[in-house]
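What follows is one structure encoded as structure tokens, with my remarks underneath.
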Amino acid sequence: MSELFDAIADNLDAATTAGHLPRVETVRQDIKTRNNQDSTAFIRVIRTRLIALGYLGDKLKNISQEQVDVAFIRAVSKFQRDTGLTKDAWLGPVSWKKLQQLASFDDDQDPALWNLEPTNPAVLRALYLRLYTFGLMQWKRDKLKTTTKVTVDNPVLRNSLGKFLIICKELGLIEETVPSEITSQTLALVFSQDELIAAINNTAGFYSDPEKADFLTAVARVELWMLGYDIAVGYPGISGDRKLSKVVRDFWRDNQESPLRPARKEHRESVTNALFQQLLHFQQTDCSDNESNDANSETHLLEQIDQLSDENQQSLQQEVQSVTSSIWDGVKRLFGWLRSMARKIVGNAINFIKNLARLIARQSREAFRLVKTSISILHQGIVYAKNSTFPRGGKDSMIISRQRDFDHSMIISDVGLPSQLNSTLGEYQRFASTFNTACKIMGHLLGIFTTLLRSVGSGILGWFVLLRSLAHLGARLKQISLEVNELENAFMVPADTLFAV
């Protein structure tokens, strides 16, 4: 085992020196450069969310910029300040999760779990954005900008929230119309997208009210966007109505076998009760949280990919390499749609290609972040294994010696201060715990790599098979994630910063 760890340590050290792996010990010294470890596509996704929430201006430069610049860092820092996160200008996993909660439609959409007050500046911006997207404001006049003063007294915000609460009363989501105060209750109503779709379907006569047309159209846009259709949300644009008609027509073409499909052509080009019923069906049959069904569906998708033409296979590869989202990139609705589309992929491959690319991109990014953290843990575990004395440079207060059989001896100075002794013991405990976690992760990674090696050389989509194989090994990745979380919870800091100097 010692020889194995020595060999791995040498390779890791070489890879780190060459810049292929994150240099753990410099994380805190140059923390702003950590954004550069992310792909340009991911940076663009972050930008669109910051723009949507009004933290970054919507100038073409900000929208198209693929690199981290001063404006990006300033926007991230302001968002972190508003949400009470560590203001380090790096949108890492913690900040990304918070951004997703506030700006997406299907990631952790429960304000009670956000640990933010209803009147928090970032929450108010998220509330404003959501109401704007629901068509309860004037598209051009009320768009959220960096100069918009979003406070609890903002008249546009209060007025649109009042409209929404009246709608909730009509949908039976609340018994009585409540004052348009920004409370935990009102936040829960605004951010409950699933419940909203179900209530719309269960309320007779709601569709017949012409005053609800803009609201229903706006909600339908969001749902169609989450299914991957080329439709704008937040602002329909000049060709908004014509674009929506085409997208709804595409939707029913993709679901022409559905018993809910309208018989009349005009109903297949407009927002109707049948459209929302089909959307609700996707919501209810979604199994993205069911691991066994999820694995079976992914296997089925992988089998169906072979039916694509060479041209479409190349298109899929290009989509995955360049995929980015506009405002929201959740896949909660998307996975159920992909499963139903897999049966007819050959006849209509374009939407399938784009949506499958989004699914792969999300899973790949999450796996990539997990692997980066695992590498950091492995690196520190190997450092522990390679050094027989701790601290390496020696201290006056205490020296801990470890033998190859992991017997320990300890030399304590009689003049060492208790605080110094406790500090050294605590640091050594972190190293020992990391080594324990590293050994467990090593076992999981070896199992993953063995399976992945079998996927190499699988033809034109070998890279795709590689990614799907990684997804199939979700149980092992989940175990790695649990190991990482256990280590982080033990010391209440991110695992990749445990030993930063």
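Quick notes
- Only a single criterion out of (1) modelled with pLDDT under 90; (2) part of a loop (DSSP other than H, G, I, E, B) is not satisfied by Asp194, namely (2).
- Any chance Leu99 is on the phi < 0 side of the Ramachandran plot and buried (at least 20 other Cβ atoms within 10 Å of the Cβ): yes
- Residues within the stretch 404-420 that are within 26 Å of Ala385 (Cβ to Cβ), of a type in the set (D, E, K, R) and either surrounded by 12 or more Cβ atoms within 10 Å (Cβ to Cβ) or without any contact (Cβ under 8 Å) to a residue 40 or more places away in the chain (or both), tallied: 2
- Residues of the stretch 48-68 classified as among the charged types (D, E, K, R) and within 14 Å of the chain's Cα centre (by Cα), total: 1
- Unmet requirement for Pro210, which otherwise passes all of (1) in the same structural domain as Ser245 (by TED's automatic domain parsing); (2) under 25 Å from the mean Cα position of the chain (by Cα): (2)
- Within the stretch 224-256, the set of residues being over 24 Å from Leu129 (Cα atoms) and touching a residue at least 60 places away in the same chain (Cβ under 8 Å) comprises Asp250, Arg253, Asp254, Asn255.
- Scanning the stretch 256-284 for residues that are more than 15 Å from Glu223 (Cα to Cα) and outside any loop (DSSP other than H, G, I, E, B) gives Lys265, Glu266, His267, Arg268.
The values are calculated or read from the model by the stated rules, or taken from the named source; none is laboratory data. Keep in mind that this is a model prediction, so the values were computed, not measured. When we count neighbours, we look across all protein chains shown, and the Cβ atoms used for this are built from the backbone with ideal geometry, even at glycine.
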